[in-house]
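As C-alpha cells, the structure follows; a few thoughts come after it.
The values are calculated or read from the model by the stated rules, or taken from the named source; none is laboratory data. Computed from a prediction, not measured in an experiment: that's the story for all the values here. Here Cβ is always computed from backbone atoms with ideal geometry, including for glycine, and neighbour counts include all displayed protein chains. Just the protein is used for accessible areas: all its heavy atoms, side chains included, with ligands, DNA and RNA removed. Shrake-Rupley method; radii C 1.70, N 1.55, O 1.52, S 1.80 Å.
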Amino acid sequence: MASFDSLGLIPQLLKAVQKKGYKTPTPIQAKAIPAILSGRDVIGGAQTGTGKTAAFALPLIERLNANPGNNPRALILAPTRELVVQIHREIELLARYTNIRAMTVYGGVSAKPQVRSLRRLPDIVVACPGRLLDLAGSGDAPLDGIDFLVLDEADHMLDMGFLPDIRKIL
C-alpha cells in the first residue's frame with residue numbers, strides 16, 4: 001500500500017492529511033490522486049466512507065496552489081445542500097495550510113451572502129446546480145475561468161433530474 005508521501009503531494013497537504021489522522025491512502029485515493037495530479041480525467045466509484053472527497057480534493061488543491069489565479073478555477077457540483085456543506089468542510093480542512101479558498105452555493109437560503117463570497121473570487125466553488133445557474137444567470141457567478149470540474153454523486157444528480165442544469169453549466 002502506498003503512503004501519502006509517495007503520492008507526490010506538497011508538504012502543506014501532507015501536513016493537513018497528518019492532522020486529519022489519515023495514515024495510508026485508501027484504494028480510491030491511491031489510484032485517483034496520481035491520475036488527477038498528472039492532469040488526467042478520472043471517473044471513480046467507491047463505498048461511502050472510503051475517502052472519495054479527499055481523493056479529488058487533495059490533487060485539486062495542489063494543482064490550484066501550483067498555479068495561483070484570481071477567479072474561481074474549480075467547480076464541484078453535488079446534488080444536495082448537505083453534501084455541498086460536507087465537501088466544503090473537507091476542503092477547508094485539507095486546504096488549511098495553503099492559500100486556497102472555497103465557498104458554497106446552494107438554495108434554501110439567501111443568495112446575498114453567496115454573492116458576496118463569489119465577489120471575493122474564491123478558488124473553489126462547491127455548489128448545487130440549481131442555485132449556481134440562478135447566480136450565473138444574474139451575472140453573479142463567474143464560470144468562465146473554471147479549469148476543473150468535479151461531479152460528485154453524479155449518478156444521484158442524474159437520478160434527480162439535474163442533467164439539463166449540468167448541461168447548461170457546462
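Answer yes if at least one residue in the stretch 116-125 is open to solvent by 50 Å² or more (accessible area, probe 1.4 Å), touching a residue at least 24 places away in the same chain (Cβ under 8 Å) and not in a helix (DSSP H, G or I), and no otherwise.
Yes.
Has the stretch 149-158 got at least one residue that is free of Cβ contacts under 8 Å to residues at least 60 places away in the same chain, charged (D, E, K, R), under 21 Å from Val42 (Cβ atoms) and loosely packed, with under 14 Cβ neighbours inside 10 Å?
yes
Exactly one of these conditions fails for Gly49: (1) within 23 Å of Pro25 (Cα to Cα); (2) within 16 Å of the chain's Cα centre (by Cα); (3) open to solvent by 30 Å² or more (accessible area, probe 1.4 Å). Give me its number.
(2)
Residue by residue through the stretch 135-147, note down the ones that are under 15 Å from Arg116 (Cα atoms) and open to solvent by 50 Å² or more (accessible area, probe 1.4 Å).
Result: Ser138, Gly139.
For Asn99, only one of the following conditions fails: (1) touching a helix residue (DSSP H, G or I) at 6+ places or on another chain (Cβ under 8 Å); (2) surrounded by 14 or more Cβ atoms within 10 Å (Cβ to Cβ); (3) not in a helix (DSSP H, G or I). What is its number?
(2)
Ile43 fails exactly one of the following numbered conditions: (1) aliphatic (A, V, I, L, M); (2) open to solvent by less than 70 Å² (accessible area, probe 1.4 Å); (3) more than 15 Å from Pro25 (Cα to Cα). What is the number of that condition?
It is condition (2) that Ile43 fails.
Please go through (1) within 14 Å of the chain's Cα centre (by Cα); (2) buried (at least 23 other Cβ atoms within 10 Å of the Cβ) for Gln86 and return the number of the only condition it doesn't satisfy.
(2)
Checking Leu64 against (1) touching a residue at least 60 places away in the same chain (Cβ under 8 Å); (2) among the aliphatic types (A, V, I, L, M); (3) within 23 Å of Val17 (Cβ to Cβ); (4) part of a loop (DSSP other than H, G, I, E, B), only one condition comes out false. Which one?
So the condition that Leu64 fails would be (4).
Glu92 fails exactly one of the following numbered conditions: (1) open to solvent by 60 Å² or more (accessible area, probe 1.4 Å); (2) modelled with pLDDT under 95; (3) under 20 Å from Ile36 (Cβ atoms). What is the number of that condition?
(2)
Could you please tell me which pairs satisfy a Cβ distance under 9 Å, a separation of 6+ or placement on different chains, a first residue in the stretch 84-99 that is over 16 Å from Glu153 (Cβ atoms), and a second residue that is open to solvent by 70 Å² or more (accessible area, probe 1.4 Å) and assigned to a helix (DSSP H, G or I)?
Sorted first by the residue in the stretch 84-99, then by its partner, the pairs are Leu93/Lys19; Arg96/Lys15; Arg96/Lys19; Tyr97/Pro11; Tyr97/Lys15; Tyr97/Lys19.
Take the conditions within 21 Å of Cys128 (Cα to Cα), of a type in the set (Asp, Glu) and surrounded by 14 or more Cβ atoms within 10 Å (Cβ to Cβ) and apply them to Glu62. Does it pass?
So Glu62 does not fit the description; no.
Out of (1) under 20 Å from Met157 (Cβ atoms); (2) open to solvent by less than 40 Å² (accessible area, probe 1.4 Å); (3) assigned to a helix (DSSP H, G or I), the odd one out for Pro72 is which?
(3)
Looking at the stretch 23-40 only, could you name the residues that are open to solvent by less than 70 Å² (accessible area, probe 1.4 Å) and assigned to a loop (DSSP other than H, G, I, E, B)? Walk me through how you get there before you give the answer.
Just the residues of the stretch 23-40 that are open to solvent by less than 70 Å² (accessible area, probe 1.4 Å), to begin with: 25-26, 28-30, 32-37, 39.
Passing the criteria: Pro25, Thr26, Gly39.
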